[in-house]
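Coordinate-derived values only; no laboratory data. The structure presented is a predicted model; accordingly, all values stated were derived computationally and were not measured. Using ideal geometry, Cβ is built from the backbone for each residue, glycine included, and neighbour counts are taken over all protein chains shown.
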Amino acid sequence: MQDRTYAADVDAGETATVAGWVHEIRDLGGIAFLILRDTSGKLQIKLEKDEMDEELVETGLGVHRESVISVSGDVKEEPRAPTGFELVPESIDVISAADPELPLDPSGKVDAELPTRLDNRTLDLRKPEVKAIFEIRAEVLRAVREQFRDLDCTEINTPKIVATGTEGGTELFPITYFGREAFMNQSPQLFKQLMAGSGLEKVFEIGPIFRAEEHNTPRHLNEATSIDFESAFADHHDAMDAAEEIVRAAYGAVAENCEEQLDLLGFDVEDFGVPEGEFPRLTYEEAIERVNATGKLDEQLVFGDDLSTEAERALGEDVGTFYFITSWPSHVKPFYIMDQDDDDSLSTGFDMMHPRMELVSGGQREHRYEELVAGFEQQGLDPEQFDYYTKMFKYGMPPHAGWGMGAERLVMTMLDLDNIRETVLFPRDRQRLSP
């Protein structure tokens with residue numbers, strides 16, 4: 001609609017055409033108000049029954065909430081209106097009538113359970129506070145891309161259909177690929193390493209990953225968005241530095257550019273908490289000791305244990321900010337993570353943690369062919385299945401390091417949301433395949 005004016009842009013004394021959804025109708029007897037909502041805000045439409053064409057009034061009062069309409073008329077100042085303006089209509093065109101029985105209330109006056117909201121996501125996103133989550137998510141991804149470019153990274157896109165998984169045949173979704181078995185990729189890990197060995201050197205990718213984990217928790221998905229980084233001639237310390245910069249850039253951009261959205265979600269932008277300074281870096285052994293010292297676990301952790309959800313929560317409360325866990329035992333990290341030079345029982349692997357949960361897993365990669373193949377065998381994997389990957393390590397692979405970050409977890413923790421599905425338009429989990 002070329003002559004359309006957004007609700008937030010109307011001005012007194014002009015004739016305007018606005019288009020959007022019927023948010024509310026207030027019939028006060030001799031006068032009625034129709035509240036139109038578009039992406040910029042709301043505008044009051046004034047219907048004076050005795051002074052207007054009867055058919056025009058009937059059209060305005062007969063339309064159901066969430067119908068799409070176009071209204072043309074004169075804009076006047078009205079201090080009592082929600083935005084200080086109201087439009088007196090000369091015409092009302094019902095573009096798309098809505099069913100009077102809505103599956104949820106986009107005005108938010110009546111709450112709906114999360115499954116109902118996800119079943120009717122189009123209606124759900126008409127609520128300003130829900131829309132705000134996805135506007136913030138978009139800003140996070142924009143800022144992340146910009147920061148990667150500031151780090152001299154090249155954006156890449158790797159295959160999502162693969163012959164075998166990053167870490168073997170577990171937790172993979174099989175598909176039929178022209179009569180052969182293939183899988184949805186669980187990570188761009190191997191491909192981004194190959195790019196670190198190419199002339200590109202520093203790369204990043206933001207794209208979907210697929211994991212056939214049978215989790216049914218508020219923080220797990222079977223299709224997620226991964227923010228990945230890989231750099232040649234870098235070690236695990238360099239990779240951790242890059243992860244810090246990406247997180248700070250995301251928070252800083254949201255604080256600077258999403259004040260309205262943060263306000264809708266109950267945040268004071270002044271207290272939003274953009275992380276500053278270097279994140280604490282605890283060794284795995286130090287992390288185990290600090291978790292045990294909290295006294296919040298039923299059983300004490302011992303060296304070699306993974307950190308349970310309860311352990312992560314206890315440690316996060318103790319640390320109170322973003323932090324890293326470094327020097328993980330070699331046997332708990334994937335085959336491609338390099339061991340430490342002075343102690344092969346410890347790896348260069350690290351996790352970056354928000355006080356609530358893990359956000360990043362990374363480390364320095366094994367770039368030596370013989371050691372890489374040995375790592376496959378130690379973890380019960382057949383190196384021949386990964387020949388496309390391992391053979392490139394014969395042709396001059398530099399030292400390299402990187403990580404993967406969950407975009408949904410980043411947004412979830414940033415906005416203190418209870419369920420990761422709040423950050424996904426159409427989540428995929430064990431129960432949900434549609435819409």
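Dipole size of the stretch 7-96 about its Cα centre, with +1 on Lys/Arg Cβ and -1 on Asp/Glu Cβ: approximately 460 debye, rounded to the nearest 20. For the chain, the convex hull drawn through the C-alpha positions has a volume of 192 cubic angstrom per residue. Within the listed set Glu201, Glu171, Glu244, the Gaussian network model of the chain (springs between alpha-carbon atoms below 10 Å) gives the highest mean-square fluctuation for Glu171. Starting from the Cα of Lys160, draw a straight line to each of the lysines and keep only those under 24 Å, dropping any in the same chain fewer than 8 residues away. Counting by Cα, and skipping residues close in sequence, Lys160 has these lysines nearby: Lys192, Lys202, Lys333, Lys391. Compute the label zone of Asp241 within the stretch 393-413: residues whose backbone N is under 15 Å from the point 7 Å along Cα-to-Cβ. Under 15 Å, as judged by backbone N against the label point of Asp241, lie 400-402 of the stretch 393-413. The angle between the Cα long axis of helix 128-150 and the main principal axis of the chain comes to about 40°, on a 0 to 90 degree scale. Going from the residue with the fewest nearby Cβ atoms within 10 Å to the one with the most, Glu285, Glu270 rank Glu270, Glu285. Please find, in a Gaussian network model of the chain (springs between Cα atoms separated by less than 10 Å), the residue of Ile246, Ile95, Ile156 whose mean-square fluctuation is greatest. For the chain, modelled as a Gaussian network with Cα springs under 10 Å, the answer is Ile95. Scanning the chain for trypsin sites (Lys or Arg not before Pro) in DSSP loops with at most 11 neighbouring Cβ atoms within 10 Å leaves 110-435 as the longest stretch between them. Taking chymotrypsin sites (Phe, Trp or Tyr not before Pro) in DSSP loop conformation with at most 12 other Cβ atoms inside 10 Å as exposed sites, the chain has its longest uninterrupted site-free stretch at 1-177. Neighbour counting of Cβ atoms within 10 Å sorts the residues Met240, Met52, fewest neighbours leading, into Met52, Met240. With R₀ fixed at 41 Å, the C-beta to C-beta distance from Asp9 to Leu114 puts the FRET efficiency at about 0.75. Annotation: lysines with alpha-carbon distance below 30 angstrom to Lys46 (same-chain offsets under eight excluded): Lys76, Lys109, Lys127, Lys131.
Charges at C-beta only: +1 for Lys and Arg, -1 for Asp and Glu. How large is the resulting dipole of the chain about its Cα centre, in Debye rounded to 20?
For this selection, approximately 1040 debye.
Taking the 0 to 90 degree range and rounding to the nearest ten, how far is the long axis of helix 284-294 tilted relative to the main principal axis of the chain, both from C-alpha atoms? In the chain, helix 284-294 runs at an angle near 60 degrees to the longest axis. Spin-label model, Asp53/Arg121: points 7 Å from Cα along the beta carbon direction are separated by 4.1 nm. Think of the chain as a dipole: +1 on every Lys or Arg Cβ, -1 on every Asp or Glu Cβ, centred on the Cα centre; then among Ala287, Pro208, His236, Pro208 lies furthest on the positive end. Springs between Cα atoms under 10 Å define the GNM used for the chain, and in it the highest mean-square fluctuation of Gln378, Gln189, Gln261 occurs at Gln378.
Sum up the charges of everything whose Cβ sits under 12 Å from the Cβ of Arg219, counting Lys and Arg as +1 and Asp and Glu as -1, but leave Arg219 out.
-3
Neighbour counts of C-beta atoms inside 10 Å place Glu213, Glu377 in the sequence Glu377, Glu213, starting with the fewest.
For the chain, the longest principal axis of the Cα atoms and the long axis of helix 236-257 meet at an angle of about 10 degrees.
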